[in-house]
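Heads up: the structure comes next, in structure tokens.
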Amino acid sequence: MLKKLKQQLFVSKTDIDTANTLASVISKLDQAVFPENPINQVEIYPESNNLEAYYCKDDTQYGVFAKGLANKIKYRTSSDQGLVKPGAELSIEDACLMIAAHEIRHRLQYKENIIQFSMSYAKKGPKKWYSKKTEKYFLLAFILNFCYSYFADLKQDLQDKEYSQSLIKIATSTEEFDAMVIEYYVINEAFGRFKFRLKDFTEVIRLQPPKIN
Ligand SMILES: [Zn+2]
């Protein structure tokens, strides 16, 4: 069951409300993507962490870190980068939807051995599609290009700051790249609709790279 986090020392009410919202979106989206086998446990930790949320590979729970979460989410809502509609404004719920999509994609990577989007795929795919003058994959090409440059910059930034090679490897792994592609795909799809249900994103979360030929 989803247990709501009550007021804790040193954690603001806004952080707790945001953590409860995020936990609820993760739980509902997981239920939509894995109706047969949902994870009912989203643990909310009062402390802060570099991560906003995580999927636990023992497949029993997700986690959300409350302290500082409201600011992290506010930061996400203040940027329209990676959105095909410039100037689009994200709500708190939209930002939670992105994080939830990312974590649930991690569960899918782990559970179902899907083919993942990688940086090398992102380098080839969009070029092919543009040269064929096809608009079919316009949104996907836009997102792959965005995530590719984001990851290239991130790698450089972590190297400049002299983070350890093992941390850089984890932070810029294919699993993270793939989950980011899906997170941006979901939010761009959400913006294309006047109204949506979480169930509408099941297919997008299960998206695999179209063959390049
Ligand atoms: Zn991740």
For region 119-205, just run the numbers: alpha carbon Rg, then divide by 2.2 N^0.38 Å, N being how many residues it has.
1.26
Provide the FRET efficiency to the nearest 0.05 for the K161-F138 pair, computing r from the beta carbons and using R0 = 41 Å.
0.70
Roughly speaking, what is the stretch gain from L51 to T202, that is 0.36 nm per residue apart minus the C-alpha to C-alpha distance, in nm to one decimal?
52.0 nm
Extension gain Q31-T14, at 0.36 nm per residue separation less the Cα-Cα distance, in nm?
3.5 nm
Peptides ranked, highest mean first, by Cβ atoms within 10 Å: ranges 205-211, 80-86:
205-211, 80-86
The extension gain from A152 to I170, computed as 0.36 nm times the residue separation minus the Cα-Cα distance, is 5.1 nm
Packing-based ranking, highest mean first, of 95-103, 127-135, 181-189 given that Cβ atoms within 10 Å are counted
95-103, 181-189, 127-135
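All of the numbers you see were taken from the coordinates with simple rules; none came from a lab. All figures in this text were calculated on a predicted structure; none of them were measured in a lab. For neighbour counting, all protein chains shown are included, and Cβ atoms are generated from backbone atoms with ideal geometry for every residue, glycine included.
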